[in-house]
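Could you have a look at this structure, given as structure tokens, before my questions?
The values are calculated or read from the model by the stated rules, or taken from the named source; none is laboratory data. Computed from a predicted model, the values in this text were never measured in an experiment. No Cβ is skipped: glycine too gets one built from the backbone with ideal geometry, and neighbour counts run over all protein chains shown. In case anyone asks, the SASA skips ligands and DNA or RNA and just uses the protein heavy atoms, side chains included. Shrake-Rupley method; radii C 1.70, N 1.55, O 1.52, S 1.80 Å.
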Amino acid sequence: MTRSLSPTRATAIPAPRHDAARVATGIRLRALRMVAPQGFGYLGQALSAAETLAVLCAELFRPGVDRFVCSPGHYIVAAYAVAAEVGLLDPEELAAYGQNGSRVEAIGTERSPAVDLTCGSLAQGLSGGVGFAYTDRLRGREEEADAPHTFVLCSDGELEEGQLWEAALFAAHHRLGRLTVVLDANNSQVDGPVDGITTLEPIGEKWAAHGWHVAELDGHDLDALRHAYADALSATRPSVIIARTSTRHGLDCLPPDADGHFIKLPPDLANQAFTELEARYA
Amino acid sequence: MREPPYQTVQKPYGRALVELARQREDVVCLSGDLTRQCEVDLFRDELPDRFVHAGMAEANMIGMAGAMAREGLNPFVHTFGVFATRRPLDQIVNAVAYPNLPVRLIGFMPGISSPGGPSHQAIEDIALMRALPNMTVIDVADAAEITQIVPLIADHPGPVYLRLKRGEIPVIFDEDRRVSLEQAQVISTGDEVAIFTNGMMLSAALAAASTLRGRGVRVAVVNVPVIKPLDVDTVVRVARSARAVVTAENHSIIGGLGSAVAETLAEAGLGRTLRRVGLRDTFAEGALSGPYLFERYGLTTQHIIDAAWNALDRTDEPPAAAATPVEAGEYAPV
């Protein structure tokens, strides 16, 4: 198995278009603004995936060329936030998050902006990503200079669904090298920590056994993510970046027992969070 | 219209799809490890660059097809009806029906035409697909309809579920049959009993009508290949002109053609005695042959005759269905 924690890199890392660290903080702040008015919501997903999405969208993703699939619809809050951060979505739209009649729905749907595909019914996104990547093969686009890359954000809890492994097998059999899974391994699902519900480990070995290029890293480490993405972009097999993350990362005021899947934000805590993130974002 | 026993042909669907794909580069063919059984070995051999072995992974196959359709391809997805509908239902909902994508789900071996037992008998596939918004649901009766329906559904902007008999396909219609996605086909008119049917039950309904006419009963027969959207106007018009209505389908009586007709009659305020021929809320069983199951579960010509007789409140003995001997390569209804 390939581990991207190794310091030596052959692949050049492109110059960033946005400051990924600031974008990551912006994702957290914007997600907080979306969730706080309701007093609870999918904030933990944005906290855990902030750096993986920040590096992707601030430095790598080519709008109109590449595709972004947000497999777990509950993570759409993070997709909205990062799209607003990098200028792909009007930030004012985020104020309508989860409101009646709004297309900025709390669980991603067909109406959701900022993604090519999202699935409220979990673990279906990779099949869609495989379908995109395989379409490029059918059309002979993989050899083109601006060949699209398909990025699929998945969560570790989704590994419990069989369909995801069906898709993983297909992608590896066909060596879909222009497909990358960004796996937010935050060890959080509805009923509690993932490892208390189902033993998924060793996650990296499972993907490697399925024939994937595997990188496993601290998902809040920007440099480690940069290297992992660079390797994934040059791989001739499908790649998975296993980002080990926390649903409380980057928001120090959260209590240690906060329910990462569905964080409760009473007004006092929300105010502390705003103070903390706005200071860091300024 | 031909007379039984009907001549049969092999792989009319497979040939029609290859023909279509030669003319349309957007057509791609996905198969879930049932390639020869779904007649797309022809496609695999003729157009391998557009053929996808999805393997035994229906959920993933549906998800991929949805994404391919988003990209502008015209995916035709092939497996048995059970694995095309009940197994990946959530994937069809989320990856195909809700986004209203032009994915064509082709489910072979309908109803109890398979002797393979409940795991292989698609007795509720139409009910499942009919309940999904955006989905068009089709059950065709013969090779002439199959040949025409393939290019028709390729032009349809939304998702389609097409249910197809496997193996020897009867030729019931002459070449002048014109299938429509909008209109049901009134084959004959009569003001006593109207029989609405489709798919594998069409030939049985025609035979039943012939026997009933022999006893002086005036019978209308309507072929309804498109169950959804239903041609409500034709259903109401024909039912209004008859005293009683019979539906006949190779499917559960719950959720399929019989239900669709019942809903239509009720909403039109049209009180007509209705008898539904089909599986009566039961699973079937494994057996040696399909015809045995048609007998055992009430899907024969005689069952349609009896249903019409009963719907007309006739108390005398119903006429017996005429037996149609068949040679090898011929087809007649049970």
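Of the numbered conditions (1) of a type in the set (D, E, K, R); (2) surrounded by fewer than 19 Cβ atoms within 10 Å (Cβ to Cβ); (3) closer than 16 Å to A:V77 by Cβ, A:D257 satisfies every one except a single condition; which is it?
Among (1) of a type in the set (D, E, K, R); (2) surrounded by fewer than 19 Cβ atoms within 10 Å (Cβ to Cβ); (3) closer than 16 Å to A:V77 by Cβ, the lone unmet condition for A:D257 is (3).
So which residues in the stretch B:75-90 are within 12 Å of chain A (Cβ to nearest Cβ) and surrounded by fewer than 24 Cβ atoms within 10 Å (Cβ to Cβ)?
Scanning the stretch B:75-90 gives B:R87, B:L89, B:D90.
Just give me the residues in the stretch A:152-173 being in contact with a Gly (Cβ under 9 Å, 6 or more places away or on another chain), more than 13 Å from A:G129 (Cα to Cα) and open to solvent by less than 10 Å² (accessible area, probe 1.4 Å), in sequence order.
Passing the criteria: only A:E158.
Taking the stretch A:115-151, which residues are at the interface with chain B (Cβ under 9 Å from one of its Cβ atoms), free of Cβ contacts under 8 Å to residues at least 12 places away in the same chain and open to solvent by 40 Å² or more (accessible area, probe 1.4 Å)?
Result: A:L138, A:R139.
Mind checking which residues of the stretch A:58-78 are open to solvent by 20 Å² or more (accessible area, probe 1.4 Å) and closer than 23 Å to A:T247 by Cβ?
Once the filter is applied, which keeps residues that are open to solvent by 20 Å² or more (accessible area, probe 1.4 Å) and closer than 23 Å to A:T247 by Cβ, the stretch A:58-78 yields only A:H74.
Here is a further query. Can you tell me which residues in the stretch A:79-111 are open to solvent by less than 10 Å² (accessible area, probe 1.4 Å) and within 14 Å of chain B (Cβ to nearest Cβ)?
Matches in the stretch A:79-111: A:G108 only.
Give the residues of the stretch B:261-275 that are within 14 Å of B:A308 (Cβ to Cβ) and in contact with a Phe, Trp or Tyr (Cβ under 6 Å, 6 or more places away or on another chain), sorted by residue number.
Of everything in the stretch B:261-275, nothing turns out to be within 14 Å of B:A308 (Cβ to Cβ) and in contact with a Phe, Trp or Tyr (Cβ under 6 Å, 6 or more places away or on another chain).
Output the helices (runs of 4 or more DSSP H) that fall wholly within the stretch A:174-238 and possess 2 or more residues being open to solvent by less than 50 Å² (accessible area, probe 1.4 Å), or say none.
A:203-209, A:222-234
Among the numbered criteria (1) over 21 Å from A:E110 (Cβ atoms); (2) within 20 Å of the chain's Cα centre (by Cα); (3) not β-branched (V, I, T), which single criterion is violated by B:F51?
Against the list (1) over 21 Å from A:E110 (Cβ atoms); (2) within 20 Å of the chain's Cα centre (by Cα); (3) not β-branched (V, I, T), B:F51 comes up short only on (2).
Please go through the stretch B:312-333 and pick out each residue that is within 13 Å of B:S210 (Cα to Cα) and small (G, A, S).
Selection gives B:A320, B:A321, B:A322, B:A323.
If you don't mind, another one. I'm checking my understanding of the structure. Among residues of the stretch B:142-168 that are among the small types (G, A, S) and assigned to a loop (DSSP other than H, G, I, E, B), which one is nearest to B:P110 (Cα to Cα)?
Per the stated criteria, the residue is B:G167.
From (1) of a type in the set (A, V, I, L, M, F, W, C); (2) outside any loop (DSSP other than H, G, I, E, B); (3) more than 14 Å from chain B (Cβ to nearest Cβ), pick out the condition that doesn't hold for A:W165.
Every listed condition holds for A:W165 apart from (3).
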